[in-house]
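The values are calculated or read from the model by the stated rules, or taken from the named source; none is laboratory data. Just so it is clear, the structure is predicted and the values come from calculations on it, not from any experiment. Because the Cβ atoms are built from the backbone with ideal geometry, glycine has one as well, and the counts that use them run over all protein chains shown. Accessible surface is based on the protein model in full, side chains and every heavy atom, while ligands, DNA and RNA are left aside. Shrake-Rupley method; radii C 1.70, N 1.55, O 1.52, S 1.80 Å.
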Amino acid sequence: DKGNHRHFMQKEIYEQPEVIGHTLGAYVDLTTGRSRVPVGQDLSFSNVRRIAISACGTGFYAGLMGRYFFERYARIACDLDVASEFRYRESPLDDVDLALFVSQSGETADTLASLRYAKEQGLATAAVVNVQESTIARESRYVLPTLAGPEIGVASTKAFTCQLTALAALSVRAGVERGVLDGAAELELTRALAEAPRLVNEALKLEDAVEKLARDMATHRHALFLGRGFSFPIALEGALKLKELSYIHAEGYAAGELKHGPIALIDETMPVVVIAPHDRVFEKTVSNMQEVAARGGKIVLVTDASGAAAKAVGAHSTIVLPDMPEIVAPIAYAVILQMLAYHTAVQMGTDVDQPRNLAKSVTVE
Ligand code: F6R
């Protein structure tokens, strides 16, 4: 049932404040602000120094975000692979303490094969998974639930932001257990995460402005998405959403990589979506924007109030979110890019809930 929404995807985009809240509740005691591993899981990070993460598609981008979170907040080094490569890479795994898988369906063949491979190698396994009765949930040593509820739209939306929520909170838990974060730092981070539902609501309020952008986006055949630091995984996910829904050729890049090749693509006809909250790398991203502006590229800037006030280059259009703590920003920014992809697809008349050639759960390798 789509309720008042035109598509399941739109309905699922709007469910996010609620399901992010539910997911967070599994990882944070919201009355005390203390982080925790979900009930029934005896997973401890005290002796975890290296995590090998693998997943596919959107789950892979959540995994990349997980790497940034675990490295920043828990000082745990993370390897990261698309699951279809992990098994075949013959990477030495001797110093890996935990193999972590991210999957909405829990049935993705490549991810399942990687999980089985990790077990054969004698690794402890954990899965961030949305379908609790799935094969991946059954076969993993530790099950780390996302509570997004059933996701019908083929393009993942609420499962992704719930994966980000779970991984962010887990990284805080890991930081505490490893003595990287003290009680005050833990509380500051969990309080920031508790703002996620409200901040996603703020992002949803920008739908009309995003729809306007989408009308322009629909006139293009190509687009670039740039982000740096915590915004890099979000840029990659934004490009994936746009390409799978609207069939516009979209590429995500680390903003700093632009000058190493993709800048050759920039002319007046190239939309460049720049994800740039006013964080520790904002100034660097602004210089990358200047490189785009100097070549006439059509910049769509997604930033916050401080970023909008500080930015020195003229963007073609700007979406302004409220200022927010760094740990929660990826969740809210992802929602803007979901709406951009959604409205571009609606504009172009593609099948939003069932994009061509895609299946909800990919059970072949
Ligand atoms: C993109 C999308 C896919 C899935 C991928 C993994 O919107 O939905 O890229 O993320 O096929 O699926 P799960 O998470 O079920 O393992």
Helices (runs of 4 or more DSSP H) fully within the stretch 106-220 counting 3 or more residues that are of a type outside the set (A, V, I, L, M) and either in contact with a helix residue (DSSP H, G or I) (Cβ under 9 Å, 6 or more places away or on another chain) or away from the ligand (no atom under 16 Å from the Cβ) (or both): 109-120, 158-177, 183-194, 196-204, 207-217
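Do you know which residues across the stretch 86-106 are open to solvent by 50 Å² or more (accessible area, probe 1.4 Å) and within 20 Å of the chain's Cα centre (by Cα)?
none
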Test result for Phe101, of a type in the set (Phe, Trp, Tyr) and farther than 15 Å from Ala137 by Cα: no
Answer from Tyr68, Tyr73 - the residue that is more than 16 Å from the ligand (Cβ to nearest atom), in contact (Cβ under 8 Å) with a residue 60 or more places away in the chain, farther than 23 Å from Gln338 by Cβ and touching a helix residue (DSSP H, G or I) at 6+ places or on another chain (Cβ under 9 Å): Tyr73
Unique residue being crowded, with 18+ Cβ neighbours inside 10 Å and in contact with a Gly (Cβ under 7 Å, 6 or more places away or on another chain) when the list is Thr165, Thr135, Thr157, Thr161: Thr135
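Give the residues of the stretch 180-208 that are among the small types (Gly, Ala, Ser), over 24 Å from Ala127 (Cα atoms) and open to solvent by 40 Å² or more (accessible area, probe 1.4 Å), sorted by residue number.
So in the stretch 180-208, the residues among the small types (Gly, Ala, Ser) come out as 183-185, 192, 194, 196, 203.
When the remaining residues are screened for being over 24 Å from Ala127 (Cα atoms), the result is 183-185, 192, 203.
The answer is Ala184, and nothing else.
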Test result for Ile327, in contact with a Lys or Arg (Cβ under 9 Å, 6 or more places away or on another chain), farther than 23 Å from Ala341 by Cα and either away from the ligand (no atom under 16 Å from the Cβ) or not charged (D, E, K, R) (or both): yes
Test for Leu245: is it more than 15 Å from the chain's Cα centre (by Cα), within 16 Å of the ligand (Cβ to nearest atom), part of a helix (DSSP H, G or I) and under 21 Å from Ala155 (Cβ atoms): yes
Failed condition for Cys78, given (1) open to solvent by 50 Å² or more (accessible area, probe 1.4 Å); (2) in contact with a helix residue (DSSP H, G or I) (Cβ under 8 Å, 6 or more places away or on another chain): (1)
Top-ranked residue of the stretch 87-105 - restricted to ones that are within 16 Å of the ligand (Cβ to nearest atom) and modelled with pLDDT of 95 or more, ranked as farthest from Gly59 (Cα to Cα): Ala99
Total residues in the stretch 233-242, condition open to solvent by 10 Å² or more (accessible area, probe 1.4 Å) and away from the ligand (no atom under 14 Å from the Cβ): 0
Residue list for the stretch 94-141, restricted to those being hydroxyl-bearing (Ser, Thr, Tyr) and within 20 Å of Lys360 (Cα to Cα): Ser103, Ser105, Thr108, Thr111, Ser114, Ser134, Thr135
